[in-house]
Every structure is written in C-alpha cells, then in structure tokens.
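Trainee: I have a structure here, written as structure tokens, and I will follow up with some questions on it.
What follows is calculated from the coordinates using simple rules that are stated; it is not laboratory data. As the structure is a prediction and not an experimental result, all values here were calculated from the model. Quick reminder, even Gly has a Cβ in these numbers, built from the backbone with ideal geometry, and neighbours come from all protein chains shown.
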Amino acid sequence: MKKMLQTEKLTAGSPLLDDKDLAILKLLQQNARITVREISDAIHLSTTPVHERIKRMEDAGVIKQYATLLDHSKVKKGLMVICYVSLRQHNKTAGAKFIKAIMEMNEVTECYNISGDFDFMLKVMVENMDAYYDFHVNRLSEAENIGNVQSVFVMGIVKQTHELIF
C-alpha cells in the first residue's frame, strides 16, 4: 500500500499523501524558507525524493503558495476589523458583483461566504479608526447591493496560525 501511495499521481480532487508528505508539509508550514536538504535530514529521505514530493504537491495544488507573514502593527495596519455583510439580493449576478468589488479592495485581506444571518465575513486591515471609517463609508458601503454591515473590532489576537495539523 505504501508503495502504491508513492507512485500514484496526486489529483486535485483527492490527493494521496503518505506520512513523508505530511511531514514535509508540516515542516514547510513552520518555515517556508526551509531548504530541501534540511527537510531531507529531518524526515530521513534523500534530497531528490523530497524535491519530487514537493513539486508533486505544488502541481496538485496541495501547496498553494509560499508566504511571508507580517506583524500588521509594524506595517501601519494596526486595526483589524471583522465585517459581517448581508446582501439585499441573493442571486448569482448580485453575488458575483459583490465578490468582484471586494477583490478590488486592498483593505480586505480575507473574505468568506458564510451561513447564518450574514452572507459574507470580511477581515479588514487598516491603519486606524479614521482609515476604517473612510473604508466603510466610501468603499464598502458604496458597493452595489449591500444590505447590512456589522463591524467587530479586534481588541487582541489570542491565537493566529496558518498551520494545518495532521
């Protein structure tokens, strides 16, 4: 079975990952700048298979991208706001227009389509309350089909991670 997992191709629909793949992913999540040599030493596999596994997982979309995480307070984005947004109309065209508008707003770092009383949850990063007011009044509220917006101001971060644990 283990041999089969290593030789089968990953597919976008159902990636087949063995223990070595998961170990590689764990190390890359902890430090995206880790070298193939360091990974191979840590998981007891030579560099060529490690490189091939990483390439295979990239090609299959398991590894979407490599990123640098910033301390938002040190780059003039000290205010984090969670915005819950409901739309007035609920159809495919209206939703697509809203999503297009959100994609053009650099202040919005994350956007989720959610269930419940609201349709979307946005994570907004701005310098301060004045910048948020400007964003809310002049950008977000001006987007077509906005029904209701509820803003929640983040007072402190208790836990923030991008690592998926296996």
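Trainee: Might you let me know whether the stretch 98-121 holds any residue that is among the polar types (S, T, N, Q), surrounded by 14 or more Cβ atoms within 10 Å (Cβ to Cβ) and within 20 Å of Phe153 (Cβ to Cβ)?
Mentor: no
Trainee: At least 2 residues that are closer than 22 Å to Ser151 by Cβ and free of Cβ contacts under 8 Å to residues at least 40 places away in the same chain in each: list the helices (runs of 4 or more DSSP H) lying fully within the stretch 36-140 that qualify.
Mentor: It comes to 92-103, 129-135.
Trainee: Tally time: how many residues in the stretch 72-102 are hydroxyl-bearing (Ser, Thr, Tyr) and touching a strand residue (DSSP E or B) at 6+ places or on another chain (Cβ under 7 Å)?
Mentor: 2
Trainee: Considering only the stretch 74-97, state which residues are of a type outside the set (D, E, K, R) and surrounded by fewer than 16 Cβ atoms within 10 Å (Cβ to Cβ).
Mentor: Within the stretch 74-97, Val75, Gly78, Ile82, Gln89, His90, Asn91, Thr93, Ala94, Ala96 qualify.
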